[in-house]
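The values are calculated or read from the model by the stated rules, or taken from the named source; none is laboratory data. Keep in mind that what you see is a predicted model, and the values were worked out from it rather than measured. Virtual Cβ from ideal backbone geometry, glycine too; neighbours counted across all protein chains shown.
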Amino acid sequence: MSETDFQRYICDACGYIYDEAKGDLDSGLEPGTRYDDIPDDWYCPLCGLSKADLRLLPEAPVASATSKAPAARPGKGKNKGSEDTIVIVGAGIAGWSVAEAIRKRDAETPLLLISACQGVSYPKPALSTALASGKTIDDIAEQDALSKAAALNMDVRTETRVIKIDSKKKRLTTARGGIQYGKLILALGGHQRELPVAGDAADTVFRVNDLMAYRRLRTRLDEGVRHVTILGAGLIGCEFAEDLSAGGYQVSVIDPTDYPLSSLLPADTAQELRQRLQEKGVQWHFHDTLDSVEHSDGRLRAILSSGEALVTDLVLSAAGLVANTQLAEKARLAVNKGISTNNLMQTSSEHIYAIGDCAEVDGEIFAFIEPIHRQADTVAAHLSGEEEPFVSRSPLVRVKTPSYPISICLPKKEDRSTVVEQIAMDEGRMNYIQGDRVVGFVLSGALVNSGANLYREIMG
């Protein structure tokens, strides 16, 4: 390896990419620091996993001289596909992950990715931690669509919205013309749940689920915002509350439940998180919802269901994701909460796959990076004539709240009725027990960095 032949490593838990060329200055790693030279006590700056939990991002294989793959012509090109082309719709983590997985196995088959946006590759979990870490939009973006497509010897059509799927003719209708496919992979993602909010400022509520929306949020924050109201005390709501308060903003969080992360955490852990963030200035409004938002003297007046009124400057929705299924529904694919697939990620049409936030396997949507990577590997294997079925298992979830970091592995849904909670001897650890086995855990504080090893022990 030459002095300039740097490599990149990815943390599957949060999407952080360690680039040897850039290093990690916040952690004392100068640009040019090789992975092998990273100290063993270094931890991922986004989620706290260890150096050993990063994996090498492989370079795309170079097509042979006899390759049948077309030269990459990325951008707003006129590639109309073919009966041999694998077409991916969506340029989020799922879309690019499946493109990479396919190219690891197959350097030749024509591959086309279609994106309604600019298709920039970036680690989505970084959106809720960027302010505290001092990252700009440009710092978050990893690679533009044209460069990434060229590296993968594939084509990309950006700013091209798919309007219709004809599964019988294997054809897509887009705003820029028709596209033929041999196999189709839907990586459509999800959208922020829309809450019923009244008032003449209801249309100002921000919903952030991609880099473009986050860019708009950062622009708005720079326009004299002092106070931010967050709707939802789930994972993203809590991470944004910490990040915004660390960025110098006053923050209020509204949630109808009893405490933060109520669907993931036991009460004691959740209340400790609540207290730690409250000490940072976060104001909580539980057992409450937002009824209306009105313009008021250059600011906003948020009226809660309890009757309380908050004077704020910006309302940010973090009410959870809903799978984007409209395109699949119009194509008469089987749809439930998400696009229904089998464990090979095939939809009800055998030539169409779905992965990521839009896909439902065994009645569950897996909206975390680690399972999305495994889904991508499953699809790539099946397209190559092999079978590596996707295994439904609870992900390791890291709550990126530096005031009180938490790692969570919940028991499988089907097992939860037979699981009991057991407080371990170590302070900051709670086990979920089934019979004589540990089948899940919650780690907090200083113990969070042992989560990856414990997760491997449980999952085998």
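Hey, Y259 hits all of (1) over 19 Å from Y404 (Cα atoms); (2) in a loop (DSSP other than H, G, I, E, B) but one; which does it fall short on?
(1)
Going through the range 302-321 one residue at a time, which ones are in a strand (DSSP E or B) and either assigned by TED's automatic domain parsing to the domain that holds K170 or touching a residue at least 40 places away in the same chain (Cβ under 8 Å) (or both)?
Narrowing the range 302-321 to residues in a strand (DSSP E or B): 302-304, 309-312, 314-317, 321.
If the condition is that a residue be in a strand (DSSP E or B) and either assigned by TED's automatic domain parsing to the domain that holds K170 or touching a residue at least 40 places away in the same chain (Cβ under 8 Å) (or both), then A302, I303, L304, L310, V311, T312, L314, V315, L316, S317, L321 are the ones that fit.
Can you find, within the range 380-428, the residue that is surrounded by the most Cβ atoms within 10 Å (Cβ to Cβ) among those that are out of contact with any helix residue (DSSP H, G or I) (no Cβ under 9 Å at 6 or more places or on another chain) and among the hydrophobic types (A, V, I, L, M, F, W, C)?
If we take residues in the range 380-428 being out of contact with any helix residue (DSSP H, G or I) (no Cβ under 9 Å at 6 or more places or on another chain) and among the hydrophobic types (A, V, I, L, M, F, W, C), then V419 is surrounded by the most Cβ atoms within 10 Å (Cβ to Cβ).
Being in contact with a His (Cβ under 7 Å, 6 or more places away or on another chain), of a type outside the set (D, E) and outside the structural domain of L131 (by TED's automatic domain parsing): is that true of Q271 here?
Numbers: in contact with a His (Cβ under 7 Å, 6 or more places away or on another chain): no; of a type outside the set (D, E): yes; outside the structural domain of L131 (by TED's automatic domain parsing): yes.
Considered against the rule, which asks whether it is in contact with a His (Cβ under 7 Å, 6 or more places away or on another chain), of a type outside the set (D, E) and outside the structural domain of L131 (by TED's automatic domain parsing), Q271 comes out as no.
How about the range 149-172: which of its residues are closer than 23 Å to K330 by Cβ, touching a Gly at 6+ places or on another chain (Cβ under 8 Å) and hydrophobic (A, V, I, L, M, F, W, C)?
Restricting attention to the range 149-172, the residues satisfying the condition of being closer than 23 Å to K330 by Cβ are 157-172.
Retained after the next criterion (residues that are touching a Gly at 6+ places or on another chain (Cβ under 8 Å)): 157-158, 170-172.
Across the range 149-172, the qualifying residue is only L172.
Would you call Q250 free of Cβ contacts under 8 Å to residues at least 24 places away in the same chain and either at negative phi or in contact with a helix residue (DSSP H, G or I) (Cβ under 8 Å, 6 or more places away or on another chain) (or both)?
For Q250, the condition - free of Cβ contacts under 8 Å to residues at least 24 places away in the same chain and either at negative phi or in contact with a helix residue (DSSP H, G or I) (Cβ under 8 Å, 6 or more places away or on another chain) (or both) - is not met.
Within the bounds of the range 381-398, is there any residue that is on the phi > 0 side of the Ramachandran plot and over 14 Å from the mean Cα position of the chain (by Cα)?
To start, the set of residues in the range 381-398 that are on the phi > 0 side of the Ramachandran plot comprises 385.
Filter once more, so that each one left must be over 14 Å from the mean Cα position of the chain (by Cα): 385.
Scanning the range 381-398 turns up at least one residue that is on the phi > 0 side of the Ramachandran plot and over 14 Å from the mean Cα position of the chain (by Cα).
May I ask you to list the residues in the range 1-59 that are surrounded by 14 or more Cβ atoms within 10 Å (Cβ to Cβ), of a type in the set (G, A, S) and modelled with pLDDT under 75?
Within the range 1-59, A13, G15, G48 meet the criteria.
Does the range 322-343 contain any residue that is surrounded by fewer than 19 Cβ atoms within 10 Å (Cβ to Cβ), in a strand (DSSP E or B) and hydrophobic (A, V, I, L, M, F, W, C)? I'd like the intermediate steps shown before the answer.
Within the range 322-343, the subset surrounded by fewer than 19 Cβ atoms within 10 Å (Cβ to Cβ) is 322, 326, 329-330, 332, 334, 336-337, 342-343.
If we keep only those that are in a strand (DSSP E or B) too, we end up with 322.
From what's left, hydrophobic (A, V, I, L, M, F, W, C): 322.
Checked against the condition, which is being surrounded by fewer than 19 Cβ atoms within 10 Å (Cβ to Cβ), in a strand (DSSP E or B) and hydrophobic (A, V, I, L, M, F, W, C), the range 322-343 yields at least one hit.
Go through the range 182-206 residue by residue and tally those that are touching a His at 6+ places or on another chain (Cβ under 8 Å) and either surrounded by 18 or more Cβ atoms within 10 Å (Cβ to Cβ) or of a type in the set (F, W, Y) (or both).
Looking only at the range 182-206, we keep the residues that are touching a His at 6+ places or on another chain (Cβ under 8 Å), and these are 182-184, 200-201.
Subsequent filtering for residues that are either surrounded by 18 or more Cβ atoms within 10 Å (Cβ to Cβ) or of a type in the set (F, W, Y) (or both) retains 183-184, 201.
Count: 3.
Do you know which residues across the range 232-268 are of a type in the set (S, T, N, Q) and at pLDDT below 95?
Pass one, the range 232-268, residues of a type in the set (S, T, N, Q): 245, 250, 252, 257, 262-263.
Within the range 232-268, S262, S263 meet the criteria.
From the set of residues in the range 363-380 that are free of Cβ contacts under 8 Å to residues at least 60 places away in the same chain and not in a loop (DSSP other than H, G, I, E, B), which is nearest to the chain's Cα centre (by Cα)?
Of everything passing the filter in the range 363-380, P371 is nearest to the chain's Cα centre (by Cα).
Among (1) at pLDDT 95 or above; (2) surrounded by fewer than 22 Cβ atoms within 10 Å (Cβ to Cβ); (3) more than 18 Å from E242 (Cβ to Cβ), there is one condition I355 misses while meeting the rest; what is its number?
Every listed condition holds for I355 apart from (2).
Look at S245 and say whether it is assigned to a helix (DSSP H, G or I), small (G, A, S), outside the structural domain of K412 (by TED's automatic domain parsing) and touching a strand residue (DSSP E or B) at 6+ places or on another chain (Cβ under 8 Å).
Working: assigned to a helix (DSSP H, G or I): yes; small (G, A, S): yes; outside the structural domain of K412 (by TED's automatic domain parsing): yes; touching a strand residue (DSSP E or B) at 6+ places or on another chain (Cβ under 8 Å): yes.
Yes, satisfied.
Filter the range 163-187 down to residues that are without any contact (Cβ under 8 Å) to a residue 12 or more places away in the chain and either closer than 25 Å to D377 by Cα or of a type in the set (S, T, Y) (or both), then give me how many there are. Talk me through it step by step, then tell me what you get.
Of the range 163-187, the ones without any contact (Cβ under 8 Å) to a residue 12 or more places away in the chain are 168-169, 171, 173.
Imposing the further condition that a residue be either closer than 25 Å to D377 by Cα or of a type in the set (S, T, Y) (or both) reduces the set to 171, 173.
Final tally of qualifying residues: 2.
Between residues in the range 68-90 that are closer than 14 Å to R171 by Cβ and residues that are buried (at least 17 other Cβ atoms within 10 Å of the Cβ) and modelled with pLDDT under 70, which pairs lie under 6 Å by C-beta distance while being six or more apart or on different chains?
Once the first residue is closer than 14 Å to R171 by Cβ and sits in the range 68-90, no partner that is buried (at least 17 other Cβ atoms within 10 Å of the Cβ) and modelled with pLDDT under 70 comes close enough.
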